[in-house]
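Presented below is the structure to which this report refers.
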Amino acid sequence: MITLYGEGRGFRVAWLLEELGLPYRMRPVDLLSGLEKDTEFLAINPAGFIPAIVDGDTVLVESIAILEYLLARHGPSPLAPAPTDTDFATYLQFLHMGEAGLAGPINAIVATIILAPEAEQANWTTKWARDIFESRLGLVSRQLAKTPYIAGDRFTAADISVTYALQFAQRTIGYVLGDTERAYIARTTARESYARAMDACPATKAWVAGLTIP
């Protein structure tokens, strides 16, 4: 059985595991207190960030890499278009953009809000990060004006990546998405696999339930 360490971006992994129907165990990781005492987790990922998975003898970190691994190792799946598929390039682009261009920059803003003194929170870096997010969001908006899902007419793992990032922006910095993006999120999160993943990630579910998303 696959063990998934940590929620946060680990929710992406749980969602994909539910889509694939693979059995897994969610192992919580508390990054904010007592991480140095979590020797089991640090043996898996000495760098101390989440998510991480153990699948047999395989240990892997980085949420997008984990998605690609699971689809390759436990596929084939319609969630990952084949290289010969006309949607493959778009799929690959947005699969990675969900973290590199969307969630990553937002994370820089969130870390600043949490860790920086109040007088230093509005700085060049946070403006740069927001500009990066918004420029990539423009690509998302343009794509969704053409297709119901981010890589075409069907749901793929790229939708898991992008949906997480858009919700992350909503929930952490109160980013106001447009009608197209909100309708897209309503489509992707209506899936039963999303609800099951939420049930498997109680901290994420409680956090979402307590927030008003613009």
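The values are calculated or read from the model by the stated rules, or taken from the named source; none is laboratory data. As the structure is a computational prediction, the values presented were derived from the model and not from experiment. As a convention, Cβ positions derive from the backbone with ideal geometry for all residues, glycine included, and neighbour counts pool all protein chains shown. Ligands, DNA and RNA are stripped out before the accessible areas are found, and what is left, the full protein with its side chains, is counted by its heavy atoms. Shrake-Rupley method; radii C 1.70, N 1.55, O 1.52, S 1.80 Å.
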**Study point:** Intensity falloff of segment 32-137 expressed as log10 I(q)/I(0), Debye formula with alpha-carbon point scatterers, at q = 0.11, 0.12, 0.15 Å⁻¹
**Key:** -0.53, -0.62, -0.87
Review point. Aspartates and glutamates within cross-link reach of Lys127: Cα-Cα under 16 Å, excluding same-chain residues under 8 positions apart?
Key: Glu118
Review point. Sorted by mean Cβ packing within 10 Å, highest first, what order do the peptides 182-188, 154-160 take?
Key: 154-160, 182-188
Check your understanding: How many percent of Cα pairs in segment 97-214 exceed 23 Å?
Key -> 32
Review point. Lysines near Lys37 by alpha-carbon distance under 30 Å, same-chain residues fewer than 8 away left out - which ones?
Key: Lys205
Point to revise | Lys, Arg +1 and Asp, Glu -1 on Cβ, resulting dipole of the chain about Cα centre, debye, nearest 20 | key: 400
Revision key, fill the gap. Taking only protein heavy atoms and a 1.4 Å probe, the highest-to-lowest accessible-area order of Asp153, Asp131 is Asp153, Asp131
**Study point:** Accessible solvent surface per residue of segment 18-88, calculated while the other protein chains remain in place, 1.4 angstrom probe, Å²
**Key:** 57
Review point. Which helices pass in the chain if a helix is a full DSSP H run, must span at least 27 angstrom along its long axis by Cα, and must have mean Kyte-Doolittle hydropathy not below -1.0?
Key: 124-144
Exercise for review: Could you do me a favour and compute the accessible area per residue for segment 107-214, 1.4 Å probe, result in Å²?
Suggested key: 51
Review point. Can you tell which of Phe49, Thr84, Thr3 lies farthest toward the positive end of the dipole of the chain, using +1 and -1 charges on the Cβ of basic and acidic side chains (Lys, Arg; Asp, Glu)?
Key: Thr84
**Study point:** segment 1-95, dipole about Cα centre (Lys/Arg Cβ +1, Asp/Glu Cβ -1), debye to the nearest 20
**Key:** 80
Study note, to complete from the structure: On the accessible surface of segment 65-214, probed at 1.4 Å with all protein chains in place, carbon and sulfur together account for a percent value of 57
Point to revise | Unit charges on C-beta of K, R, D, E only; dipole of segment 94-151, Debye | key: 320
Point to revise | Ordering of 163-172, 136-145 by packing [mean C-beta count within 10 Å, highest first] | key: 163-172, 136-145
**Study point:** Ranked packing of 33-41, 16-24, most packed first, by mean Cβ within 10 Å
**Key:** 16-24, 33-41
